[in-house]
Ligand SMILES: *Cc1c(COP(=O)(O)O)cnc(C)c1O
């Protein structure tokens, strides 16, 4: 029998996740120098110096397995979030929390509802377990259509993903909408709120999802050290849930899924509020700058609560920017061929993007 007759049929149908190109690879491919990557929503200011120091100190101990219970990090984070330690689950990125959820709750015959366009891992983890992915189009203003998502819930639905703020649009759902959605959600459905960008949110009426954990068991909030904390390369994220749900996720978790360096770095990063504050400020300034300048060039830009902006650049622009060494994320794969997602960079990187865009426009006009 051929391998493809043995592999699970749903795996055969999976579209693999398309990661952004590293700048070094682009430089090799196109022969450009000083490429900049504004494509993966990474922190432009890098990790906290305290996190780097913690990694250096931990290096001599990497012949030992990590603390599978993440005791120190668990205590610090629980205290910070005002939850019990047993409510936390750590993963190799929030991506792994999504996988643990799928592994514990999804299988053939089950359904998972999510907005689309949204984070590409929701269909991947859902279909990866043989369950049915049920995408619900965003509203015209590119915000989650919570009414339509509620209407898509059927007895087979096991999980509803809400990405807030939403990647790749940067749009968010407010507290009032969120509350009426959650109140109407059947008890058996797991509400999985993905808050990878929560630390960047500016709207004052952003939902307090953690407050729902005690009101509604079967709620999972996911967050990450990859974005504002600048630790994407170390892979660490977490889920917060009621102890029962957290316990199920923990059962399907590998004992040493989070590595020693990541645990040490995350703990130190949590302790560096000034660094996170700087990341937030650099981002807010970058968002204002990019929004103003892109609009000035006649490019439509959406309001964002995250560390990237959604721009209607036209279909050919990401490819043309790429040849100039500026990497942004085209959204054709999300059914938005005219749009690009642009991560906020350092001021000089944002300026380079705008300057390149202006030059391309001038070349077209001239
Ligand atoms: C970046 C991101 C994540 C998780 O990233 P990890 O690096 O795996 O922690 C999760 N959800 C969304 C929406 C993201 O953009």
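Annotations
- Residue list for segment 224-243, filter: surrounded by fewer than 24 Cβ atoms within 10 Å (Cβ to Cβ) and near the ligand (Cβ under 8 Å from one of its atoms): 226, 232, 235
- Flag for residue 358 being part of a helix (DSSP H, G or I) and touching a residue at least 40 places away in the same chain (Cβ under 8 Å): yes
- Of all residues in segment 205-223, exactly one satisfies the criterion of being part of a helix (DSSP H, G or I) and either within 17 Å of the chain's Cα centre (by Cα) or within 14 Å of the ligand (Cβ to nearest atom) (or both), namely 209.
- Positions within segment 103-132 being away from the ligand (no atom under 16 Å from the Cβ) and closer than 14 Å to residue 10 by Cα, in sequence order: 106, 107, 108, 109, 110, 111, 127, 129, 130, 131, 132
- So residue 77, is it more than 15 Å from the chain's Cα centre (by Cα) and in the same structural domain as residue 66 (by TED's automatic domain parsing): yes
- Restricting segment 179-199 to residues that are part of a loop (DSSP other than H, G, I, E, B) and in contact with a helix residue (DSSP H, G or I) (Cβ under 8 Å, 6 or more places away or on another chain), the residue that is nearest to the ligand (Cβ to nearest atom) is 196.
For every residue, the table says whether it meets (1) within 16 Å of the ligand (Cβ to nearest atom); (2) assigned to a loop (DSSP other than H, G, I, E, B); (3) farther than 30 Å from residue 40 by Cα; (4) over 16 Å from the mean Cα position of the chain (by Cα).
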position: 139; (1), (2), (3), (4): no, yes, no, yes
position: 142; (1), (2), (3), (4): yes, yes, no, yes
position: 154; (1), (2), (3), (4): no, yes, yes, yes
position: 159; (1), (2), (3), (4): yes, no, no, yes
position: 177; (1), (2), (3), (4): no, no, no, yes
position: 203; (1), (2), (3), (4): no, yes, no, yes
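- Single unsatisfied condition, residue 109 versus (1) at pLDDT 95 or above; (2) on the phi < 0 side of the Ramachandran plot; (3) surrounded by fewer than 22 Cβ atoms within 10 Å (Cβ to Cβ): (2)
- Residues being in a loop (DSSP other than H, G, I, E, B), buried (at least 16 other Cβ atoms within 10 Å of the Cβ) and on the phi < 0 side of the Ramachandran plot - total across segment 55-86: 2
- In this structure, residue 239 does not qualify as within 14 Å of residue 49 (Cα to Cα) and not assigned by TED's automatic domain parsing to the domain that holds residue 40.
- Evaluated against (1) touching a helix residue (DSSP H, G or I) at 6+ places or on another chain (Cβ under 6 Å); (2) modelled with pLDDT under 95, residue 43 falls short on exactly one condition, (2).
- Lone unmet requirement of (1) assigned to a loop (DSSP other than H, G, I, E, B); (2) away from the ligand (no atom under 16 Å from the Cβ) for residue 46: (2)
The values are calculated or read from the model by the stated rules, or taken from the named source; none is laboratory data. This is a predicted model, so every value here is computed, not measured. Note that we place each Cβ from the backbone using ideal geometry, even for glycine, and neighbour counts take in every protein chain shown.
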